[in-house]
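Please see the structure below; I have some questions.
The values are calculated or read from the model by the stated rules, or taken from the named source; none is laboratory data. Since we're looking at a predicted model, the values are computed, not measured. No Cβ is skipped: glycine too gets one built from the backbone with ideal geometry, and neighbour counts run over all protein chains shown.
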Amino acid sequence: MVKFVEPGDVIVVQFLDRFGRNTREILRRYWELEERGISVVATDEDFKEEFMLLIKAGIAGAESRRISERVRANMSRAVSKGVHSGRPPYGLQRVREFKEGKVIVHWELDPAEAPVVREMYRLAVEDNKGYKSTADTLSTMGYRARNGRPLAAYTIQHVLTNPAIMGTMIYGKKSRKGNPQSDLITLPDFFPAIITQEEWQRLQERLSIRRETPKGQTHSSVYLLSGIVRCGHCGGPMVGRAGAHYKEKQYRSYWCSRSIQSRELCSVSNGHSVHKLEKAILEYLGQFSNPEIVREHLSTMERKDLERYESELSQVEKRLADLDAQFTKRLDDLLKRAILTEQEFAKANEAARNEIKTLEDRKTELASRIGMESNKAALAEKVPQEITAFLEVFQGTDIHQQKARLQTILKAAHVYRDGRIELEFRQ
C-alpha cells in the first residue's frame, strides 16, 4: 500500500492496530505517511491530536499483543489435547471418519508422499547428498512437490528437519514477529512414523556433519578425505588437487590449503599422494578395531587437544584485549582530542566489531570444549564397532557413500609432512 499511495491520498482504517503490533511501529508508519502528505483517517474515533494519537497507539498495540497471547494460549491448549492445526506434514495425510454421529480424525501415511520421504532419507544419509542435490535427484526421478512443481532445496530441508517424519509433533518451535518465544509442546507418537527414532538420529547427525563444512564441493568431491584431512602443522584443511599426467596416468595429491594461499598462513609445504595417504589412513584406522587401543589413543589425544585448545584460547583472549585497547584509543581520539569524526570512528570500528564477534564465538566454543568431559568408555566401545562395519562394506560402495560413513567415525585426520597421522574420532 505504501508503495502505491501518493501525496494527497487518504487512507481509511477502522482501528489503529492495522498499522503495527506495537506503539513504536504504529507511530512510525503513521508519521511516515503524514510526512509524505498522506492523510490517515480512523473510523473508530478522531486521533488527530498527537497526544491522543500516542495514547491510542499504545492501547492498540497492547490490544494486538493481548489478542496474540490469547490465540497462542488457545492454540497451545488445543495442541496439548492432540489437535493438529495447519497443513498436514509432507508424507502424512489426515483422514476423517464418521462414527456414531461424530467426526473422528486420525493420521495415516500418504501412499504417494511417504516413499518420497524415505528416498530423501536414503539420499541424505547413505549417499551423502545435500538439500539441492537431493531435490535435483528426486525431480529427475519424476517426484514433485504438492503444488506440482519440481522439488526445491528448501522443501527437502523443511521435510528432513521436521520431527513429524518420526511421528513427533512439536508446537511453538518458531517465534513469530512481534510475539515472544512460546513454550514447546512435544507429543511423541502423534503421527505414524515414516522413519524410526534411530534413523532420525542418524539423519540429524548427517545434517550436523554437513553444516560443519557447508560448501557442497566438500561433500560432492571425488576425494575420500575432503573435509576430514587437515594439516598437522597449521590445522587448516587439506584439499585434493589433480597434478600432471605421466604415462597416461594423472597424479593427484592432498595439499594444505593455507600453504597454497600464503606462506604466512602455513610455512610448511605439506602435500601427500592421494592414493598413499588414503591407504595409510585406512590401514591406521583398522588398528582401532581394538577397544583397548581406542582407549589409549583417546587418552593421548585428549591431552593434546586440551593443550591446543588452551593455547588457542590464550591467543583469542590476547587479541580481544588488543581490540579493546584499540577501541579505547579511538574513543579517546573522538571525545577528548577530536582527532576522529563520528563517521571515521564508526568506520574504524566496523571491521573490529566483526572480528570481535567471530573471536567471542570461538572463545565460547573453546571454553566449552575445554570444560567438556567426554565419555571415553562409551566411545571406546562405539568406535571399534563402527570401524569394523565400515571396513567390511568399504569396497562395495561408491566414493560418496564411503565418505558419508567415514565422516560419522572421524572428525579429523591431522597429517604432518613427515607422514605422521593423528586421528580425531567424532564424539
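Is it the case, given these coordinates, that Glu381 is modelled with pLDDT under 80, farther than 30 Å from Glu283 by Cα and either out of contact with any Lys or Arg (no Cβ under 6 Å at 6 or more places or on another chain) or part of a helix (DSSP H, G or I) (or both)?
On the way: modelled with pLDDT under 80: yes; farther than 30 Å from Glu283 by Cα: no; either out of contact with any Lys or Arg (no Cβ under 6 Å at 6 or more places or on another chain) or part of a helix (DSSP H, G or I) (or both): yes.
Considered against the rule, which asks whether it is modelled with pLDDT under 80, farther than 30 Å from Glu283 by Cα and either out of contact with any Lys or Arg (no Cβ under 6 Å at 6 or more places or on another chain) or part of a helix (DSSP H, G or I) (or both), Glu381 comes out as no.
Something else now. Which members of the stretch 251-271 meet the condition of being aliphatic (A, V, I, L, M) and within 31 Å of the chain's Cα centre (by Cα)?
Step one: list which residues in the stretch 251-271 are aliphatic (A, V, I, L, M), which gives 260, 265, 268.
Within the stretch 251-271, Ile260, Leu265 qualify.
Could you pull out the residue among Tyr223, Tyr171 that is of a type in the set (Phe, Trp, Tyr), modelled with pLDDT of 85 or more and on the phi < 0 side of the Ramachandran plot? Even if it seems obvious, please write down each step before you answer.
Details: Tyr171 fails: modelled with pLDDT of 85 or more.
After applying the criteria, what remains is Tyr223.
Cβ-Cβ below 9 Å, separation at least six or inter-chain, first residue in the stretch 313-325 and more than 15 Å from Arg362 (Cβ to Cβ), second surrounded by 13 or more Cβ atoms within 10 Å (Cβ to Cβ) and among the aliphatic types (A, V, I, L, M): which pairs?
Qualifying pairs under 9 Å: Asp324/Ile356.
Output the number of residues of the stretch 251-279 satisfying the condition of being of a type in the set (Val, Ile, Thr) and either surrounded by fewer than 13 Cβ atoms within 10 Å (Cβ to Cβ) or touching a residue at least 24 places away in the same chain (Cβ under 8 Å) (or both).
Total meeting the criteria: 2.
Follow-up. Tell me, please, whether a residue that is among the basic types (Lys, Arg) and not in a loop (DSSP other than H, G, I, E, B) can be found in the stretch 259-272.
Taking the stretch 259-272 and keeping what is among the basic types (Lys, Arg), we get 263.
Those still in the list that are not in a loop (DSSP other than H, G, I, E, B) too: none.
Within the stretch 259-272, not a single residue is among the basic types (Lys, Arg) and not in a loop (DSSP other than H, G, I, E, B).
Just give me the residues in the stretch 122-132 being under 16 Å from Gln201 (Cβ atoms) and out of contact with any Phe, Trp or Tyr (no Cβ under 9 Å at 6 or more places or on another chain), in sequence order. Spell out the reasoning first.
Here is the first cut: in the stretch 122-132, the residues under 16 Å from Gln201 (Cβ atoms) are 122, 124-126.
Correct list: Arg122, Val125, Glu126.
Take the stretch 264-323 and flag every residue that is hydrophobic (A, V, I, L, M, F, W, C) and modelled with pLDDT of 90 or more.
We begin by selecting, within the stretch 264-323, every residue hydrophobic (A, V, I, L, M, F, W, C); these are 265-266, 268, 274, 277, 280-282, 285, 288, 293-294, 298, 301, 306, 313, 316, 320-321, 323.
Matches in the stretch 264-323: Cys266, Val268, Val274, Leu277, Ala280, Ile281, Leu282.
Looking at Val103, is it assigned by TED's automatic domain parsing to the domain that holds Arg206, under 28 Å from Thr408 (Cα atoms) and either outside any helix (DSSP H, G or I) or among the β-branched types (Val, Ile, Thr) (or both)? Steps first, answer last, please.
Values: assigned by TED's automatic domain parsing to the domain that holds Arg206: yes; under 28 Å from Thr408 (Cα atoms): no; either outside any helix (DSSP H, G or I) or among the β-branched types (Val, Ile, Thr) (or both): yes.
When the stated conditions are applied, Val103 does not pass them.
Kindly establish whether Met166 is buried (at least 17 other Cβ atoms within 10 Å of the Cβ) and either at pLDDT 90 or above or β-branched (Val, Ile, Thr) (or both). So that I can check it myself, show each step before the final result.
Values: buried (at least 17 other Cβ atoms within 10 Å of the Cβ): yes; either at pLDDT 90 or above or β-branched (Val, Ile, Thr) (or both): yes.
In short, yes.
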